[in-house]
Structure formats: C-alpha cells, structure tokens
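Below: the structure, in structure tokens.
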Amino acid sequence: MPHFSSYDGAELAYRVLDDTSDHPDALARPPLVCLAGGPARDAEYLGDLGGLSAHRRLIVPDARGTGASPAAADPVAYAFPHLAEDVEALRTHLGLERFALLAHDAATATAQAYAASHPETLSHLVLLNPGSRLQGELPDDAREIFESRAADEDWWEEAYVAVQLLQRADDLDEIRRLLLRAAPMAYGAWGAEQRAHAESEGEQLNPVPRAGFWQGVDDPTRLALLERLSAVKAPVLVVT
C-alpha cells in the first residue's frame with residue numbers, strides 16, 4: 001500500500017482503485033480523492049464506491065488512526081480541520097494542481113474544511129450524506145423519516161429504539177452494538193449484502209480519533225470556516 005508524508009512527517013496510507021480498462025478515457029481525467037466517514041471508520045467500507053472505479057481512478061486515503069495509517073502523535077491532529085491538511089499533503093504528493101474531492105458522512109466536514117482553506121485546488125466537490133452540524137442546523141425531520149418506514153419493515157421498532165439510545169451512549173462497545181441494531185435505518189434495502197456491510201462497522205471504528213474529530217472546533221472556528229467557503233468556485237454536488 002502506498003504512503004505519503006503529511007505536514008508533520010506522519011506517513012499516511014492510501015489505496016489506488018483503478019478498474020478503468022473498459023473506459024480508457026477515464027485515465028485522462030485527474031483522479032477522484034475519496035474520504036471515508038464514521039468519523040474514524042476504516043475506508044475499506046467504501047469498497048469501489050458502487051463500481052465508480054471503473055469510470056475514474058480513485059484515491060482513497062486512510063485517515064489518521066484508521067486502516068493502515070498510524071495513530072496521531074498529538075490527538076489534536078484528529079480534528080477535521082487538521083485532517084483537511086492531510087488531504088493537502090496528499091494532493092502535493094500526487095502532483096495534482098487541481099483535483100476532484102468526494103467525501104461521505106462525517107468526512108464531508110473534512111472536505112468542507114479543505115475547500116475553505118484551499119479553494120483554488122478543487123475542480124469539483126461531492127458531498128455524500130453530509131450532516132449539518134458544521135452549519136449549526138440540526139435536522140428536525142429525522143423522526144418523520146424514521147416513522148415513514150414503520151409500516152413496512154419488521155426491524156423498525158428495534159432500530160428506532162437503538163437510534164434514540166445512541167444519542168446518550170458513550171461506551172464504545174455499547175455504541176457498536178447500537179450501531180448494528182440501528183443499521184437498517186441507514187440502508188435503502190436490508191438484505192444479506194447490507195447486513196454483512198453493517199456488521200463490519202463496529203470493528204472498523206477507532207474510538208480515539210472518533211472522539212477527537214470535533215475537538216477544538218468552537219463556534220468562532222466553525223463560523224470562520226463557513227465564511228471562507230464562499231470563496232469556493234468549483235461545482236459542488238450534495239447527495240442526501
């Protein structure tokens with residue numbers, strides 16, 4: 001697995017997914033850098049992003065303390081604005097003047113922090129299932145969405161209870177159990193493939209970088225980041 005040196009000398013790992021033999025024109029495009037969510041979940045769960053690697057070369061880094069990347073020497077480095085600087089180090093390592101960035105789930109905060117700090121390097125930005133904590137607006141329609149599935153799903157009641165308990169859970173083993181119970185809520189279908197994917201989540205989470213993801217991001221920092229996002233000129237696609 002290849003590695004790159006980040007701003008503090010840390011050697012971080014990344015994967016290259018390239019199955020573009022049937023689409024030779026894909027190699028003419030800059031690679032798509034893909035950030036895994038969690039926060040602090042092993043990027044392995046992304047797979048090949050539903051076959052996207054057949055259309056574009058994908059660069060998938062392991063965030064600090066996940067996958068093949070080592071733990072941070074300073075826990076401050078787990079906060080997403082610092083993880084954004086790891087993305088910049090990866091861009092430099094790859095020799096890319098501009099590139100497209102895709103992020104899923106919690107990593108959309110990292111991607112937005114990167115865009116705010118380095119708007120000139122992005123050709124495109126794709127945010128998949130972003131939360132709204134960075135914007136300071138928590139959704140008020142979650143209950144309505146959950147309850148809309150109650151009539152048709154036999155797993156609904158157990159998953160619904162688990163979602164509520166997750167809001168107060170602080171023990172990692174309990175969080176892992178609750179995530180698995182709540183998992184059907186996060187999938188459009190709940191078959192064998194989705195169950196196997198969900199069962200891998202607990203072992204792919206690292207509690208220390210997970211806990212540090214929002215550390216030090218106070219309200220002035222958050223608002224300053226949002227203000228700088230106005231300088232981003234690249235097209236942005238939000239899928240939710």
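The values are calculated or read from the model by the stated rules, or taken from the named source; none is laboratory data. Just so it is clear, the structure is predicted and the values come from calculations on it, not from any experiment. Backbone-built Cβ (ideal geometry, glycine too); neighbour counts: all protein chains shown. Protein only, heavy atoms only, side chains kept; ligands, DNA and RNA dropped before computing areas. Shrake-Rupley method; radii C 1.70, N 1.55, O 1.52, S 1.80 Å.
Any chance the range 67-78 includes a residue that's under 12 Å from the mean Cα position of the chain (by Cα) and among the aromatic types (Phe, Trp, Tyr)?
The answer is no; no qualifying residue exists.
Determine if the range 178-185 includes at least one residue that is surrounded by 14 or more Cβ atoms within 10 Å (Cβ to Cβ), out of contact with any helix residue (DSSP H, G or I) (no Cβ under 7 Å at 6 or more places or on another chain) and either modelled with pLDDT of 90 or more or not aliphatic (A, V, I, L, M) (or both). Reasoning before the result, please.
Taking the range 178-185 first, the residues surrounded by 14 or more Cβ atoms within 10 Å (Cβ to Cβ) are 178-185.
Next, from what is left, pick out any that are out of contact with any helix residue (DSSP H, G or I) (no Cβ under 7 Å at 6 or more places or on another chain): none.
No: zero hits.
Suppose we filter Trp190, Trp214 for residues that are of a type in the set (Phe, Trp, Tyr) and under 18 Å from Arg41 (Cβ atoms); which single one remains?
Testing whether each residue is of a type in the set (Phe, Trp, Tyr) and under 18 Å from Arg41 (Cβ atoms) leaves just Trp214.
Report, ordered by the first and then the second residue, all pairs with beta carbons closer than 9 Å, sequence separation of six or more or different chains, a first member in the range 228-240 that is more than 21 Å from Glu97 (Cα to Cα) and open to solvent by 70 Å² or more (accessible area, probe 1.4 Å), and a second member that is outside any strand (DSSP E or B) and not aliphatic (A, V, I, L, M).
Val238/Thr108; Val238/Pro130; Thr240/Asn129; Thr240/Pro130
Could you tell me whether any residue of the range 204-220 is outside any loop (DSSP other than H, G, I, E, B), over 22 Å from the mean Cα position of the chain (by Cα) and without any contact (Cβ under 8 Å) to a residue 60 or more places away in the chain?
Checked against the condition, which is being outside any loop (DSSP other than H, G, I, E, B), over 22 Å from the mean Cα position of the chain (by Cα) and without any contact (Cβ under 8 Å) to a residue 60 or more places away in the chain, the range 204-220 yields at least one hit.
With respect to Leu101, determine if the residue is hydrophobic (A, V, I, L, M, F, W, C), within 17 Å of Ala234 (Cα to Cα) and surrounded by fewer than 18 Cβ atoms within 10 Å (Cβ to Cβ).
Here the answer is no, as Leu101 does not meet what is asked.
Could we say that Gly51 is in contact with a helix residue (DSSP H, G or I) (Cβ under 9 Å, 6 or more places away or on another chain), modelled with pLDDT under 95 and at positive phi here?
So Gly51 fails the test.
Any residue in the range 78-86 that is open to solvent by 20 Å² or more (accessible area, probe 1.4 Å), under 16 Å from Val208 (Cα atoms) and touching a strand residue (DSSP E or B) at 6+ places or on another chain (Cβ under 9 Å)?
Yes, the range 78-86 contains a residue that is open to solvent by 20 Å² or more (accessible area, probe 1.4 Å), under 16 Å from Val208 (Cα atoms) and touching a strand residue (DSSP E or B) at 6+ places or on another chain (Cβ under 9 Å).
Confirm whether Leu94 is surrounded by 13 or more Cβ atoms within 10 Å (Cβ to Cβ), among the aliphatic types (A, V, I, L, M), more than 19 Å from the chain's Cα centre (by Cα) and closer than 25 Å to His55 by Cα.
Numbers: surrounded by 13 or more Cβ atoms within 10 Å (Cβ to Cβ): yes; among the aliphatic types (A, V, I, L, M): yes; more than 19 Å from the chain's Cα centre (by Cα): yes; closer than 25 Å to His55 by Cα: yes.
Taking the combined requirement at face value, the residue satisfies it.
Considering Leu32, Leu17, Leu46, which residue is buried (at least 17 other Cβ atoms within 10 Å of the Cβ) and in contact (Cβ under 8 Å) with a residue 60 or more places away in the chain?
Checking each option against the conditions leaves just Leu32.
Taking Leu128, is it of a type outside the set (Lys, Arg), touching a His at 6+ places or on another chain (Cβ under 6 Å) and within 24 Å of Thr240 (Cα to Cα)?
yes
Pull up the range 121-177, narrow it to residues that are surrounded by 16 or more Cβ atoms within 10 Å (Cβ to Cβ), within 19 Å of the chain's Cα centre (by Cα) and of a type in the set (A, V, I, L, M, F, W, C), then point me to the one that is modelled with the lowest pLDDT.
So, considering only residues that are surrounded by 16 or more Cβ atoms within 10 Å (Cβ to Cβ), within 19 Å of the chain's Cα centre (by Cα) and of a type in the set (A, V, I, L, M, F, W, C), the one modelled with the lowest pLDDT is Ile175.
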